[in-house]
Amino acid sequence: MAERFVDVDLSGARFERVDLSGAVLRSVVVDGAEVEAPWLLDDGASLVVNGVDVAPLVDAELDARMPGRSLRRAGDPDGLRAAWAAPEQSWGRVLERVAAMPSGTVDVSVDDEWSFAQTLRHLVMATDTWLGRAVLGLDQPYHPLGQPHAEYETDGYDMSVFTTRQPTYEEVLEARAGRQRMVREHLATLVADDLAQVRANPWAPQHAETTLSCLRTILDEEWEHQRYAVRDLDLLEARSVAEGQPTNMQKG
């Protein structure tokens, strides 16, 4: 049921997992407002600000900031192999950055978001969902160190497959490297006819996917979560500077 807010002060409000599709904001003050919309461009979605659809502009800017991101819409095996190599290389640079930061950085949460280690664990789960479950059809595809999304348990899925202990960062890196290798090896043998094979959507089996759409979802997950991770690393470094603590750059 649509609600109407008139002359309401929502400054400082925080909205999480909220559906605002079709919402209309008129005569609003948005200075400093921040929007995280990972599905901004799904199915031709739009975001109109002052009469301008800014969604394509945001997408182009993210491509410019993250070299290789534009490859994620590849439609043939060679293109997909290149599209996967790009985030692998980019994540390698992020891991090097994290390794140079203060001890414990990987387990720090920023604004109640996932820590860096949890983000890597979620990518393990995303790979298991869209490759292991959807494409390969494994009955139980999940690595125990995977990090499910917030709604996983409340939607009735089995949490017992995931560990309840906090793994070491070394264990997380090992699990993550294994799943990256799994994607790489799958792509290495991929041929054009494979891409059109029909798969069930792992979250809504009544809806059809293709091998191509599943692989593109994995690529989207990689780039979106790298964006989140880098955003939070930037904030952690900025806080360290403000507090006069050493950062990776200061430790030289």
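The values are calculated or read from the model by the stated rules, or taken from the named source; none is laboratory data. Treat the numbers as computed from the prediction; the structure is a model and nothing was measured. Note that we place each Cβ from the backbone using ideal geometry, even for glycine, and neighbour counts take in every protein chain shown. Areas reflect the complete protein model, heavy atoms only, side chains present, ligands, DNA and RNA absent. Shrake-Rupley method; radii C 1.70, N 1.55, O 1.52, S 1.80 Å.
Here the chain is assigned +1 on the Cβ of each Lys and Arg and -1 on the Cβ of each Asp and Glu. Its dipole about the Cα centre then comes out at about 640 debye. For segment 149-243, what does the alpha-carbon gyration tensor say about shape, rounded, prolate or oblate, given a ≥ b ≥ c as the root eigenvalues, a/c under 1.5 as rounded, and a/b over b/c as prolate? It is prolate, given that a/c is not under 1.5 and a/b is the larger ratio.
Mean residue ellipticity at 222 nm, helices only, the chain: -13500 deg cm²/dmol; runs of at least 4 DSSP H residues each add -39,500 (n - 2.57), and the sum is divided by the number of residues.
Using a 1.4 angstrom probe, figure out how much accessible area the chain has per residue, in square angstrom, rounded to the nearest whole.
Each residue of the chain exposes 62 Å² on average to a 1.4 Å probe.
Of all stretches in the chain that contain no GluC sites (Glu not before Pro) in a DSSP loop with at most 13 other Cβ atoms within 10 Å, the longest one is 37-150. Ordered by 1.4 Å accessible area with all protein chains kept, D63, D193 run largest first as D193, D63. Averaging Cα coordinates gives a centre for segment 189-221 and one for segment 63-120; these two points are 22 Å apart. Please state the relative contact order of the chain as a whole percent: Cα pairs under 8 Å, 6+ residues apart? Across the chain, relative contact order equals 19 percent. Considered as an equivalent ellipsoid built on the Cα gyration tensor, segment 24-102 has semi-axes of 30, 20, 9 Å, the largest given first. For segment 1-126, the Cβ-based charge dipole about the Cα centre amounts to some 380 debye (Lys, Arg positive; Asp, Glu negative; other atoms uncharged).
The slack in the chain from S21 to R231, taken as 0.36 nm per residue of separation less the alpha-carbon distance, amounts to 73.1 nm. Straightening the chain between A2 and L47 buys 14.3 nm, computed as 0.36 nm per residue apart minus the Cα-Cα spacing. For Rg and Dmax of the Cα atoms in Å, the value computed from the atomic coordinates appears in the list (i) 18.2, 58; (ii) 18.2, 49; (iii) 19.8, 59 under label (iii).
Extension gain for V241 to E170 (0.36 nm times residue separation, less C-alpha to C-alpha distance): 22.8 nm. When the charge dipole of the chain is built from unit charges on Cβ atoms (+1 for Lys and Arg, -1 for Asp and Glu) and taken about the Cα centre, the candidate among L80, V52, G156 whose Cα reaches farthest toward its positive end is L80. Among the trypsin sites (Lys or Arg not before Pro) within segment 115-222, those in coil by DSSP and having at most 13 neighbouring Cβ atoms inside 10 Å are R165.
In whole angstrom, how far apart do the alpha carbon centroids of segment 1-32 and segment 37-51 sit? Their Cα centres are 16 Å away from one another. Nearest 0.05, what FRET efficiency do D158 and R181 give at R0 = 25 Å with Cβ-Cβ as r? Taking R0 as 25 Å, the efficiency between D158 and R181 is 0.45. Accessible area per residue was computed with a 1.4 Å probe on protein heavy atoms; H207 scores about 100 Å².
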